[in-house]
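Notes for the one structure printed next.
No lab work stands behind these numbers, since they all come straight from the coordinates. This structure is a prediction, so every number in the text was calculated from the model and none was measured. Note that we place each Cβ from the backbone using ideal geometry, even for glycine, and neighbour counts take in every protein chain shown.
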Amino acid sequence: MAAVIALSGITKSYGFAETTVHALRGVDLMVDRGDYLAIMGASGSGKSTLMNIIGALDGATAGHYELDGINIDSLDESALSIVRNRKIGFIFQSFNLIPRTTALANVELPLLYRGVGRRERRERAAAALASVGLSDRASHQPNELSGGQQQRVAVARALVAEPSLLLADEPTGNLDSQATSDVLDLMDAMHDEGRTIVMITHEDDVAARADRVITLVDGMIAAERRNRP
Amino acid sequence: MNLLETLQIGLRGVGANKLRSALTVLGILIGVAAVIVLVAVGNGSSQAVTSSIEQLGTNTLTVRHGTFGPGGDGGRTQFKDLTVDDAIALADDVLAPDVQSASPVVSAQAACTYEGTSYSTSITGTWPSYFEPSNLTLASGTSFTNDDVTSSRRSVVLGQTVVDELFGSVDPVGREITCAGTPFTVVGTLEEKGSSGFQDSDDVIIAPLTTVQGHLTGYRSLDTILVQAVSGSAVDAAESEVYSILDDRHGTTDTSSRDYQVLNQASLLSTVEDTNQVFTVLLGAVAAISLLVGGIGITNIMLVTVTERTREIGIRKAIGASKSAILGQFLVEATVLSIIGGVAGVAVALVVTQFEIAGVAPVIMPVSVIGAFAVSVALGLFFGSYPANRAASLRPIEALRHE
C-alpha cells in the first residue's frame, strides 16, 4: 500500500547560534493509506512542530517530506495552499470555525477556495453536515452551537473536500466527556470508511482509539506501539 | 472563486462591524461631498461675477480719473481733471473711428424722499448715450434727452429697486421726488436687471449730467467716462485711440504715470475668470485633502480589521485559501467601504448644492462629481492594498496562534 506520509530525517530548529532550539532532531515516519495514527508526547516534545510540518503549514529545516506522492520540500507558499486545500483536512483543538458565518458556509469554505460551483458546494456541504448529524444546525452560527457541535462542524469541514489525510490537533482537548466520545466515534467511523487519520493528543484513552501510537520525546520518536494490526 | 463570491465575503466583513464601517464611510462621504460642493461654490461664484461683468457690456471701456496701480502719483506734480471736453474729444469721428460714443459720468450718494418715504441711493449724472452701452432699457416712461442735459432739467430715471422702495405699487412716472433737498420729476423707470452677485444693479437713479453737477456734486472732475466701441472686436483699437487722445490732452509725458486709467471690460472679464479658476482649484484642493484623510481612515480601519481577524485569516489559509483570495477579500472590503462613501457623498452633495451657500448659488461641475467618485473608489483600492497585502502575507501558523 502506498504511503500517504513519508517523512525522512526531518529536523526543525528555531533561532540562531547559541540560542538555537532544536524542536525536531531527525524524525522518520511512514503513514500508510487507511492508517489511524496517534502522536503523543509531553508539551515541548515537538509534536506541534511535527503537526505543522505534516500539515504543510511550516517547512522543515532539513529532511524530506512526501505527502500522497507529492514532494512538499520544494513547494512555494501558493502551491502549499493548494496542497492544504486538496490533500489535508484540519481539525483543531479550538474548532477554528469562522465567526459570524453559518455552519453550512463554514463547511463550504474548502470547496469555495477550490473553485467548486455554488450548487455542488451546497449539496456536498449539506451532505457532510448530515454525516456528522448536524443537518438541523446548518443555518446556525458558531456562537449558537455547543463545543461538541462546533467540533463536529469542523470535522464536516475537514471531510467535505475528500482529503487524503485528516489531521487532528488535540481534537477533544476542549470538550467534555460526552462530546469527546461523540467526536472520537465520528473519527472511528471515518477510519472505518478507509480514511487516513493523524491525531495529536496527550491523553492515553484518546490515543487508545488509534491503530498505531508514536511517542515523541525531545524531538525524536522514542516509542512506537500498535494497538491493532 | 469568482468575483461575486469574493464580493459576498467582503460585504459580510463590512457588515460584521456596522458602527466602525459607518464611521469609515462617513470619512469618505465628507471628503467626496466637500469636493463636489466646494468646487460647485467656486464655479457658482465665478459664473455670478462673469455674468455681472457681462451685464456692463463687453464692448465698453471705462476711463477713470486718478492713478491706480504701481507707481502711484509720485512722478506727477499736477493732476488734470477728467472733463466733459475730454468726453467730447473721445467721440471724435476722425481721431477715434472705433469709438461710437463717450458718456461722461458723475455719481453722488443722496437720500431721496417721496411722500415721507426716504431711501438712500446712488444718483448717476450722465448723457442719454450712457443707456445703450450699459445695457439699460426703459420699462416705462421715457429717458431724458440731450436737450434735458443742455438745460439741466430735473428729470430722473429710476431703477427698479428705487421704485419698489419709494413707490411700492404706485406708478412713479410723472411724480416728483426730493433728493438732497432738490425736487426731481420721474420721467421713466428701468427694466429690472437683477442682482449680479455682489451689487444690486437696479439700485440706481439716472439723471442728466448737468443737473447732478449743479445740485449735488458741483463742477469737479468727472468720475468716469464710459466709452462704447463700435463693436466687440474694435475694443482694443478703441482703447489705444482713447490713450492717444487723452495723453495728448492731459500732456502725459511718461505713460507709467498717467492721471487717468482705462478699464477694458473684456480684459477685466478674463482676469476675473482666471482669478476664479485659481479660487475654484484652491477650494477643490482643500476638499481633496479631506478626501485623502478619509482614505487614510480606510487604511487605519482595515489595519485594525486585519489585526482583529488574524486568526480568521489563519484558518482560511489552513484550509487552502490562496494569497490572492485573502488579498481579494480585504481589498473588496476596503473598496466596498469607499464606494458606499462615494455614492453617499455624491447624494449629499447633490442635496446641499440645492441651497445657497455664503450668498453663492452653487453650480455643480459634472467632472467634479465623476472625479470625486472615481477618486474615492481608487482610494479604497490604494489605501486598502497595504492592509490587504499584510493580511495575505501572514504566515498561517503564526496567524493561527494569534489570540
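Structure notes:
- Percent antiparallel among DSSP beta bridges (both partners in the protein assembly as shown, rounded to 5): 70 percent
- Cβ-based charge dipole, the protein assembly as shown, positive-most Cα from B:S118, B:N146, B:V157: B:S118
- Cα gyration tensor shape of the range A:95-175, rounded if a/c is under 1.5, else prolate or oblate by comparing a/b with b/c: oblate
- Dipole in debye (nearest 20) - the protein assembly as shown, about Cα centre, beta carbon charges: Lys, Arg +1; Asp, Glu -1: 3400 debye
- Computed label-point distance, nm, for sites B:A111 and B:L263 using a 7 Å Cα→Cβ extension: 2.8 nm
- In this calculation the C-beta distance from B:D274 to B:Y219 is compared with R0 = 60 Å, giving a FRET efficiency of 0.90.
- Potential lengthening between A:E162 and A:R119 on full extension [0.36 nm per residue; Cα-Cα distance subtracted]: 13.8 nm
- Cα gyration tensor, the range A:40-193 - rounded (a/c under 1.5), prolate or oblate: oblate
- Under a Gaussian network description of chain A, with springs only between Cα atoms under 10 Å, the residue in A:N71, A:N85, A:N52 that fluctuates furthest is A:N71.
- A:T196 sits among other residues whose Cβ lies under 13 Å from its own Cβ, and their net charge, with Lys and Arg +1 and Asp and Glu -1, is -3.
- The calculated FRET efficiency for B:V286 paired with B:A237, based on their beta-carbon distance and R0 = 45 Å, is about 0.60.
- Toward the positive end of the charge dipole of chain B, with +1 on the Cβ of Lys and Arg and -1 on the Cβ of Asp and Glu, the farthest Cα among B:I326, B:S233, B:I245 is that of B:I326.
- Site pair A:H22 and A:S135 shows an inter-label distance of 5.5 nm when each label is modelled 7 Å from Cα along Cα→Cβ.
- For chain B, relative contact order (Cα pairs under 8 Å, six or more residues apart, normalised by length) works out to 31 percent.
- Of the DSSP H helices in chain B, those whose Cα atoms cover at least 18 Å axially and whose Kyte score averages 0.5 or more: B:3-16, B:18-55, B:265-308, B:323-352, B:366-392
- Residue with peak Gaussian network fluctuation, chain B [Cα springs, cutoff 10 Å], from B:P183, B:P128, B:P362: B:P183
- A simple charge model with +1 on the Cβ of Lys and Arg, -1 on the Cβ of Asp and Glu and nothing else charged puts the dipole of the range A:105-229 at about 620 debye relative to its Cα centre.
- Between B:A361 and B:T145, the C-beta separation translates, for a Förster distance of 45 Å, into a calculated FRET efficiency of about 0.70.
- Beta bridge orientation in the range B:81-250: antiparallel %, DSSP, nearest 5: 75 percent
- Helix A:77-87 and the longest principal axis of the C-alpha atoms of chain A enclose an angle of approximately 60°.
- Cα-based shape type of the range B:139-298, given that a ≥ b ≥ c are square roots of the gyration tensor eigenvalues and the cut on a/c is 1.5: oblate
- For the range B:228-302, size of Cβ-based charge dipole, Lys and Arg +1, Asp and Glu -1, in debye: 460 debye
- Distance between the pseudo-spin-label points of B:S118 and B:L26 (7 Å out from Cα toward the beta carbon): 5.4 nm.
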